[in-house]
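Participant: Structure in structure tokens, see below.
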Amino acid sequence: MRALLVAAAVLIAAPAFAQSAPAATRLTLADASKAPAGRTILDGATWRCEGAECTATGGAAQPATRACRRVAQRLGPVTAFVWKGVELSAAEIATCNA
């Protein structure tokens, strides 16, 4: 009986130890025509765009506001920005695009 309880506890706890998916990194460009055709690497993040919607994998550990400024300098103004799960507010996006 005790072995059965231990086995059940291990099976129930196993998902808690599973590695979670990395937090999302994505943006929406204000002008879809400025989206790169292929992949673009900025600060270690590999960006891929479909129309105005872009997603990235990887990337340096840095504040979302800095990452946004770096991307906007290269790809143009953004209307939405999420860096490793941290979504920027409208005020932060305005600062990013300035």
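The values are calculated or read from the model by the stated rules, or taken from the named source; none is laboratory data. Bear in mind that the values here come from a model prediction, so they are computed numbers and not experimental data. Neighbour counts run over all protein chains shown; Cβ positions are idealised from the backbone, glycine included. Side chains included, ligands, DNA and RNA excluded: accessible areas come from the protein's heavy atoms. Shrake-Rupley method; radii C 1.70, N 1.55, O 1.52, S 1.80 Å.
Participant: How many residues are over 12 Å from LEU27 (Cα atoms) and of a type in the set (A, V, I, L, M) if we restrict to the range 48-80?
Facilitator: Going through the range 48-80 one residue at a time, the tally reaches 2.
Participant: In the range 27-72, what residues are among the acidic types (Asp, Glu) and assigned to a helix (DSSP H, G or I)?
Facilitator: Step one: list which residues in the range 27-72 are among the acidic types (Asp, Glu), which gives 31, 43, 50, 53.
Once the filter is applied, which keeps residues that are among the acidic types (Asp, Glu) and assigned to a helix (DSSP H, G or I), the range 27-72 yields nothing.
Participant: For the range 33-50, indicate whether the set of residues that are within 19 Å of ASN97 (Cβ to Cβ), polar (S, T, N, Q) and surrounded by 16 or more Cβ atoms within 10 Å (Cβ to Cβ) is non-empty.
Facilitator: The answer is yes, given that some residue of the range 33-50 is within 19 Å of ASN97 (Cβ to Cβ), polar (S, T, N, Q) and surrounded by 16 or more Cβ atoms within 10 Å (Cβ to Cβ).
Participant: Could you list, in sequence order, the residues of the range 73-93 that are more than 16 Å from TRP47 (Cβ to Cβ) and open to solvent by 60 Å² or more (accessible area, probe 1.4 Å)?
Facilitator: Scanning the range 73-93 gives VAL86, GLU87, ALA90, ALA91, GLU92.
Participant: Here's another thing I want to ask about it. Counting only residues that are small (Gly, Ala, Ser) and under 18 Å from GLN62 (Cβ atoms), which one in the range 79-97 is modelled with the highest pLDDT?
Facilitator: Looking at the filtered set, the residue picked out is SER89.
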